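Scroll down for the structure; my scribbles are underneath it.
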Amino acid sequence: MANELLIRLYDVGLGDCIYVRIPGKTDKKEDAFHMLIDCGTWSEEKYLAAAMKQLESELPDAQDGKKRLDLVVVTHEHKDHIAGFDPKLFGNMKVGAVWMNCAMDPKHPQAGKTRKIRGVAEQAMRGLAALGPSLSPRASELLSVFQIDNKGAMQTLRKTLLDGGEPTYVHAGETNETHGIKLHKTKINILSPEADFDRFYLGATAQRTLKGVLGAAAFDAEKEFDVTEEAQEPPLPRNISPASFRALRARMQSNALAFAELDGTLKNNSSIVLLIEWNKKRLLFVGDAEWHGDFKESKMNGSWNVMWNERQDLLGKAVDFLKIGHHGSENSTPWDMGKGKPSEATAILDTILPVPAAGQQSKAIAVVSTERGKYRTIPRGLLMTEIARRVGDTRIYKADLKDFKPKDPVDFDTYEREWLDKAQPLRTDFERIREGKGFIDVAFS
């Protein structure tokens, strides 16, 4: 241990499960601060169960015979980040605190419009499910997002993990000290989301549009949508011709997909973004924060753009570690999309991960949790090579994967083969094949 700060990214398939151990005054694990950032997967649950078992072995004993986990950070409400919050997996752990983003607070007044959209999206997807099979591939994919038992995970987070206590809802501008957590020569800065969530991430323009679609009575009403009532699930249509039914289904799919896509973007942009400052090192954990063009007041902004404009005092310096967002998705790391044009996005990336001068090598490290399968362009190969230009400890995976048999050979050939002989940042899926371990460790001293 030797007073090192340890970051461990578990391979849980398509999902994030990240253990961070911050050293205390001594090198004893009892003096260290132990935190877990997310616990989810969209893949085989056996990987997640193995990760949690391994995590237990790293934790110190608590007074009641359980293992002590000081802080759980839940970046946002998507399956690949929260599916593992099952009482069975945490039964032997004593959790000190749970941080959730302010938009997850059912009473947060500055996210009320966002909650309205979430309610409409869930209603629409329930209606889509009632239509039965023959949905489009994108509709089926989004429908699965709304059938992931999030409410069970949220109940665990809000009640079970804290023995009936309440989670802490956090927002940008706060730190560990804001919430009474004392650390040894360490500061945990919360860079996102902003407390005024509707203003920054939904925007006035989108609010006006949605008000027209939903109606002022619904959109401006104080009453929240209650999507748990069975009566709100629309019944299957009767006495309708097959042709009319197909047309109805197409319209419902279109409307449902629009709201589901919007809800997904808002959830990603609600991600808690943490900047841990320790021993002159800067470690950035971004959840699934997205970027959308340049920041503009009143529009629907991406989390990266808001941070760049509101928190540049903290974000505007190079980092030593980056947890790459959304499993390598092209819209969760600000970049030029391969176009070579300067923009706000390129300014952000050039600042946090500058390209080293000729003949020099970056000391920064970037790691990403990856598994190809759910989304064809996640991870985006060109983005992986772009990040690799800016960090050290990269890999060329081609030789390690010569005998690898992917689940979907066609997608693998299309979206991976071209990049396997090029340097990439550390990837959980390929490192499992290469090293035979279920995690990637990054240590700082």
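Observations on the model:
- Among residues that are in contact with a Phe, Trp or Tyr (Cβ under 9 Å, 6 or more places away or on another chain), open to solvent by 10 Å² or more (accessible area, probe 1.4 Å), among the hydrophobic types (A, V, I, L, M, F, W, C) and in contact (Cβ under 8 Å) with a residue 60 or more places away in the chain, L6 is included.
- The lone exception for G165 - which of (1) open to solvent by less than 30 Å² (accessible area, probe 1.4 Å); (2) closer than 20 Å to A260 by Cα; (3) not acidic (D, E) it fails: (2)
- Restricting the stretch 15-50 to residues that are basic (K, R) and part of a loop (DSSP other than H, G, I, E, B), the residue that is least open to solvent (accessible area, probe 1.4 Å): K29
- L426 passes every criterion in (1) open to solvent by less than 60 Å² (accessible area, probe 1.4 Å); (2) farther than 22 Å from L9 by Cβ apart from (2).
- Lone qualifier among I433, I440 - being of a type in the set (V, I, T), touching a residue at least 12 places away in the same chain (Cβ under 8 Å) and over 20 Å from H326 (Cα atoms): I433
- Of all positions in the stretch 407-419, none carries a residue that is surrounded by 14 or more Cβ atoms within 10 Å (Cβ to Cβ), modelled with pLDDT under 95 and touching a Phe, Trp or Tyr at 6+ places or on another chain (Cβ under 7 Å).
- Top-ranked residue of the stretch 336-387 - restricted to ones that are hydroxyl-bearing (S, T, Y) and surrounded by fewer than 21 Cβ atoms within 10 Å (Cβ to Cβ), ranked as modelled with the lowest pLDDT: Y375
- Considering (1) modelled with pLDDT of 70 or more; (2) farther than 18 Å from D105 by Cα, the lone condition that P193 does not fulfil carries the number (2).
- Within the stretch 174-207, considering residues that are touching a Lys or Arg at 6+ places or on another chain (Cβ under 8 Å) and open to solvent by 50 Å² or more (accessible area, probe 1.4 Å), the one farthest from E30 (Cα to Cα): T205
- Search result, residues across the stretch 305-335 that are under 16 Å from the mean Cα position of the chain (by Cα) and β-branched (V, I, T): I324, T333
To keep it simple, each residue is scored yes or no on (1) open to solvent by less than 50 Å² (accessible area, probe 1.4 Å); (2) in contact (Cβ under 8 Å) with a residue 24 or more places away in the chain; (3) not β-branched (V, I, T).
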| site | (1), (2), (3) |
| --- | --- |
| W278 | yes, yes, yes |
| A289 | yes, yes, yes |
| G293 | yes, yes, yes |
| K299 | no, yes, yes |
| S303 | yes, yes, yes |
| N309 | no, no, yes |
| G316 | yes, yes, yes |
| I324 | yes, yes, no |
| G328 | yes, yes, yes |
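- Among the residues listed as A103, A97, A111, the single one being in contact (Cβ under 8 Å) with a residue 60 or more places away in the chain and either open to solvent by 10 Å² or more (accessible area, probe 1.4 Å) or assigned to a loop (DSSP other than H, G, I, E, B) (or both): A97
- Residues satisfying the stated conditions in the stretch 267-293, i.e. of a type outside the set (V, I, T) and part of a loop (DSSP other than H, G, I, E, B): S270, S271, N279, K280, G287, D288, A289, E290, W291, H292, G293
- From the options K323, K280, K317, residue that is on the phi > 0 side of the Ramachandran plot, at pLDDT 95 or above, out of contact with any Gly (no Cβ under 7 Å at 6 or more places or on another chain) and not small (G, A, S): K280
- Subset tally (residues that are open to solvent by 10 Å² or more (accessible area, probe 1.4 Å), touching a Lys or Arg at 6+ places or on another chain (Cβ under 7 Å) and in a loop (DSSP other than H, G, I, E, B)) for the stretch 60-77: 4
The values are calculated or read from the model by the stated rules, or taken from the named source; none is laboratory data. Keep in mind that what you see is a predicted model, and the values were worked out from it rather than measured. As a convention, Cβ positions derive from the backbone with ideal geometry for all residues, glycine included, and neighbour counts pool all protein chains shown. Surface areas here come from the heavy atoms of the whole protein model, side chains and all, with no ligands, DNA or RNA. Shrake-Rupley method; radii C 1.70, N 1.55, O 1.52, S 1.80 Å.
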